[in-house]
Amino acid sequence: MEHFGARLKRFRDARGWSQEQIGFELNVSKATISKWESGRAQPRLENLAEIRRLLAEHGLTLDYLIDGAGSARVGEPGDAYQAGVARNSDEIALLACFRALKPSRRKGLIAFLAD
């Protein structure tokens, strides 16, 4: 029987995402994602809301991840890449810097970049 981690890995692989990319979005380490996928650990309760948010954008429900209930549209590797996940180390660094800014500075940066 397929477990949470196996379903998470299948979804991640279908999207072409690395463990590091998903870990960054969920504020956990690449090692944590690896443990979840291998079944050596399970996400904590506080991680579930973030997992649901991130994966719901791509057609995967938390119910499906946890116990295989319902259905999920697991995209093909060629599906369009979504903006919610950083693609490379430069984007990860930029996102980390952005998240460290105060909300008012974030707005200023966005306004500056929009020009």
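So which pairs qualify, if the first residue must be in the range 35-54 and more than 17 Å from Glu20 (Cα to Cα), the second must be among the hydrophobic types (A, V, I, L, M, F, W, C) and surrounded by 15 or more Cβ atoms within 10 Å (Cβ to Cβ), the Cβ gap must be under 6 Å, and the two must be at least 6 apart or on different chains?
Final answer for the pair search is Arg52/Leu62.
For residues that are exposed (fewer than 10 other Cβ atoms within 10 Å of the Cβ) and either more than 17 Å from the chain's Cα centre (by Cα) or modelled with pLDDT of 75 or more (or both), scanning just the range 71-96, find the one that is farthest from Arg10 (Cα to Cα).
Out of the qualifying residues, it is Asp90.
Restricting the range 1-46 to residues that are within 26 Å of Ala96 (Cα to Cα) and among the basic types (Lys, Arg), which is nearest to the chain's Cα centre (by Cα)?
Arg12
Which ones in the range 1-32 are among the basic types (Lys, Arg) and free of Cβ contacts under 8 Å to residues at least 40 places away in the same chain? Can you show your working first?
Start the filter on the range 1-32 by keeping residues that are among the basic types (Lys, Arg), which leaves 7, 9-10, 12, 15, 30.
Selection gives Lys9, Arg12, Lys30.
Give the residue, chosen from Ile22, Ile33, that is over 15 Å from His58 (Cα atoms), assigned by TED's automatic domain parsing to the domain that holds Arg52 and of a type in the set (Val, Ile, Thr). Give the steps one after another, and end with the answer.
Working: Ile22 fails: over 15 Å from His58 (Cα atoms).
From the options Ile22, Ile33, the qualifying one is Ile33.
The values are calculated or read from the model by the stated rules, or taken from the named source; none is laboratory data. Just so it is clear, the model here is predicted, and its values are computed rather than measured. Cβ atoms come from the backbone with ideal geometry, glycine included; neighbour counts cover every protein chain shown.
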